[in-house]
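Report on one structure; see the data block that follows.
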Amino acid sequence: METDIDIVVAWVDGSDPEWLELKGQYSNSNNDNVDERVSRYRNLDIFRYWFRGIEAFAPWVHRIHFVTWGHVPKWLNVKHEKLNIVRHTDFIPREYLPTFSANPIELNFHRIPELSEKFIYFNDDMFLIKKTLKQDFFVNGKPCDAGILAPHCYDEDEMWVLTPFVNIGVINKHFDMKTVIKKNKSLWFNSKYGKFNLTNLVLFNCPRFPGIKQDHLPTSFLKKTFTEVWSFEEKSLDATCQHKFREKLDINQWLFKEWQIVGGNFYPRSPKIGNSFGFISEPIEDICSYIEKQKGKMICINDNDIPEERFQVYSKMLVDSFDKILGRKSSFEW
């Protein structure tokens with residue numbers, strides 16, 4: 001049995017006047033390499049359903065580490081026995097603060113005091129919508145994931161798109177693809193991957209890892225993975241952590257996920273466990289249907305910088321959908 005599985009969730013209140021004032025002191029919107037999009041900081045009015053989902057569908061969770069600049073939702077029961085409020089100053093080295101980028105926050109999770117060796121990382125736009133088991137995230141002490149190759153395609157309009165290239169460059173510096181896959185064939189060719197086995201077969205002809213498929217869903221991590229990657233790549237990680245805002249050539253936490261996969265330190269899981277949606281790429285009706293019909297165990301809902309008026313309409317629709325499966329107030333709410 002898997003024991004002591006923690007959750008880490010990062011949250012920011014993009015409307016906090018004090019936070020906005022501090023952010024303004026470091027803002028540099030004239031830098032094309034910096035990402036200060038509004039969607040990085042505004043919130044759909046659905047975060048309470050994150051806690052309701054954890055309580056209803058993952059009661060086995062040992063502890064929740066709520067990572068914040070300093071603010072918390074007014075409705076949050078900060079005295080809950082499973083809740084640990086973690087401020088940036090509690091774990092991020094002083095030389096990286098303040099930060100308005102998720103990357104320095106995520107790259108230092110292993111420094112959170114009393115964090116369990118096994119933990120699951122959620123963005124605040126990722127929700128559980130159906131009953132889960134510990135074995136959905138860890139089996140025999142190993143993180144559950146999928147070893148699926150993927151080619152990265154460049155689009156200059158996407159601020160984040162170079163990060164996967166940077167990540168996989170680090171991976172290729174330390175791992176040889178053909179050696180890795182031949183050593184762990186059952187991890188790369190597995191019935192749980194379905195059609196993606198053909199993808200792996202085709203891309204195995206590449207001279208090195210072209211990329212690894214990233215599903216924008218909660219990720220299972222071992223704390224020791226962070227420590228190991230820092231020991232090999234301190235200079236690169238430090239460079240990203242020095243940035244106050246996201247930059248095009250940043251490393252992100254996907255590097256740790258990929259390190260676990262290519263190191264053979266994971267247990268195969270079907271990608272169909274959940275789905276990721278974006279407001280621009282999918283109709284809001286499809287997102288609401290996925291929630292209400294509980295088509296997967298988890299969902300990610302991306303803002304995608306839609307106009308404010310449309311954002312408010314979508315927020316109301318999502319509240320109505322979540323209420324149908326998680327209408328009861330949780331013990332994490334006052």
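Numerical summary
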read-out	value
Candidate set from segment 187-200 (those that are on the phi < 0 side of the Ramachandran plot and in a loop (DSSP other than H, G, I, E, B)); member that is surrounded by the most Cβ atoms within 10 Å (Cβ to Cβ)	Asn190
Matching residues, segment 222-232, being touching a residue at least 60 places away in the same chain (Cβ under 8 Å), under 20 Å from Glu95 (Cα atoms) and either among the basic types (Lys, Arg) or buried (at least 19 other Cβ atoms within 10 Å of the Cβ) (or both)	Phe226
Residue list for segment 201-222, restricted to those being touching a strand residue (DSSP E or B) at 6+ places or on another chain (Cβ under 7 Å) and assigned to a helix (DSSP H, G or I)	Leu203
Scan of segment 57-95 for residues that are in a strand (DSSP E or B), polar (S, T, N, Q) and either under 17 Å from Ile5 (Cα atoms) or open to solvent by 50 Å² or more (accessible area, probe 1.4 Å) (or both), ordered by number	Asn84
Near pairs, Cβ below 9 angstrom, 6+ apart or cross-chain, from segment 276-287 (among the aliphatic types (A, V, I, L, M)) to any residue that is part of a loop (DSSP other than H, G, I, E, B)	Ile280/Asn304; Ile280/Asp305; Ile280/Ile306; Ile287/Phe279
Test set (1) farther than 21 Å from Gly141 by Cα; (2) touching an Asp or Glu at 6+ places or on another chain (Cβ under 6 Å); (3) modelled with pLDDT of 95 or more - Gln253 fails condition number	(1)
Boolean, Asn140 is in contact with a strand residue (DSSP E or B) (Cβ under 7 Å, 6 or more places away or on another chain) and on the phi > 0 side of the Ramachandran plot	yes
For Ile105: the one exception among (1) hydrophobic (A, V, I, L, M, F, W, C); (2) touching a Gly at 6+ places or on another chain (Cβ under 6 Å); (3) part of a helix (DSSP H, G or I)	(2)
Of the criteria (1) open to solvent by less than 30 Å² (accessible area, probe 1.4 Å); (2) within 30 Å of Val319 (Cα to Cα); (3) not small (Gly, Ala, Ser), which one Asn108 fails	(2)
Qualifying positions in segment 245-287 - over 20 Å from Lys192 (Cβ atoms) and open to solvent by 50 Å² or more (accessible area, probe 1.4 Å)	Arg246, Glu247, Leu249, Ile280, Ser281, Glu282, Pro283, Glu285, Asp286
Residues of segment 165-200 satisfying the condition of being over 12 Å from Val262 (Cα atoms) and in contact with a strand residue (DSSP E or B) (Cβ under 9 Å, 6 or more places away or on another chain)	Asn167, Ser186, Asn190, Ser191, Lys192, Tyr193, Phe196, Thr199, Asn200
Which numbered condition Ile181 misses (of (1) in contact with a Leu (Cβ under 9 Å, 6 or more places away or on another chain); (2) surrounded by fewer than 18 Cβ atoms within 10 Å (Cβ to Cβ))	(2)
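The values are calculated or read from the model by the stated rules, or taken from the named source; none is laboratory data. Model, not experiment: these values are computed from the prediction. No Cβ is skipped: glycine too gets one built from the backbone with ideal geometry, and neighbour counts run over all protein chains shown. Side chains are part of the model used for accessible areas, which takes the heavy atoms of the whole protein and leaves out ligands, DNA and RNA. Shrake-Rupley method; radii C 1.70, N 1.55, O 1.52, S 1.80 Å.
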